[in-house]
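The values are calculated or read from the model by the stated rules, or taken from the named source; none is laboratory data. Nothing here was measured: the structure is a model prediction, and the numbers come from that model. Here the Cβ positions follow ideal geometry from the backbone for every residue, glycine too, while neighbour counts run over all protein chains shown. Side chains included, ligands, DNA and RNA excluded: accessible areas come from the protein's heavy atoms. Shrake-Rupley method; radii C 1.70, N 1.55, O 1.52, S 1.80 Å.
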Amino acid sequence: MHSRSPRATTRAFDAAHFRKALSQFATGVTVITTRLDDGTLLGLTASSFNSVSLSPPLVLWSLSEQASSMPVFSGNSHYVINILGAEQTALAEQFSRKSVDRFDGVEYTLSRTGQPVLKGVSAWFECHNRSRYPEGDHVIFVGEVEHCEVTPQAALVFHDGRFVKTDEM
């Protein structure tokens with residue numbers, strides 16, 4: 001079932017105020033990775049990750065419609081969501097930059113479908129690109145998890161516009 005309610009008529013805030021309010025919600029930090037047909041690797045930092053369902057195992061994340069990587073993530077059959085640990089701030093920053101090769105110097109292995117899995121992450125989810133839902137200025141990606149692994153550790157969190165480490169486990 002997909003339903004939509006009528007849009008609110010007025011807002012008592014601007015985009016900057018909305019962004020500041022959202023920044024008060026601490027989120028985990030992920031790097032979403034995939035591989036193109038020609039073998040080129042693509043990855044980006046995202047904090048818009050959440051679980052959807054245990055049965056079937058579904059997760060979601062979102063990407064700006066204007067992102068240059070939108071055609072790749074929309075078209076690829078699989079991707080990996082890498083959950084970063086507390087000591088991986090440099091990875092989060094590297095994959096958030098607009099650089100030519102975000103994988104430069106990054107250690108990774110390939111999943112069973114050939115997608116990059118970053119070394120040292122606290123968990124990773126190999127997902128089939130199940131569905132996409134355009135909403136506002138983003139597209140919500142729903143992935144069906146085909147494989148996942150976990151290495152419990154302290155978390156890297158994004159709060160109030162900066163990366164924060166949780167206490168050690």
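The table below gives the values:
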item: Phe25 - accessible surface, heavy atoms, 1.4 Å probe, Å² rounded to 10; result: 150
item: Residue-normalised accessible area of the stretch 80-156, given per residue in Å² at a 1.4 Å probe; result: 52
item: The chain: relative contact order in percent, alpha carbon pairs under 8 Å with at least 6 residues between; result: 26
item: Integer Hz, Karplus 6.51/-1.76/1.60 couplings in order for the stretch 122-128, x for Gly and Pro; result: 7, 6, 8, 10, 8, 10, 7
item: Solvent-accessible ranking of Ser47, Ser96, Ser131, largest area first, probe 1.4 Å; result: Ser96, Ser47, Ser131
item: Heavy-atom SASA rank of Phe95, Phe18 (probe 1.4 Å, accessible area, largest first); result: Phe18, Phe95
item: Ranking by accessible area, most exposed first, for Tyr133, Tyr79 with a 1.4 Å probe; result: Tyr133, Tyr79
item: Whole-number accessible area per residue in Å² for the stretch 1-70, which is evaluated in the context of all protein chains at 1.4 Å; result: 72
item: Rounded Å value of the spacing that divides the Cα centres of the stretch 84-161 and the stretch 14-70; result: 8
item: Qualifying trypsin sites (Lys or Arg not before Pro) in the stretch 1-45, DSSP loop, other Cβ atoms within 10 Å at most 10; result: Arg4, Arg7, Arg11
item: Fully extended contour minus Cα-Cα distance, from Thr151 to Ala90, at 0.36 nm per residue; result: 20.1 nm
item: Rounded percent of accessible protein surface that carbon and sulfur make up, the stretch 18-135, 1.4 Å probe; result: 53
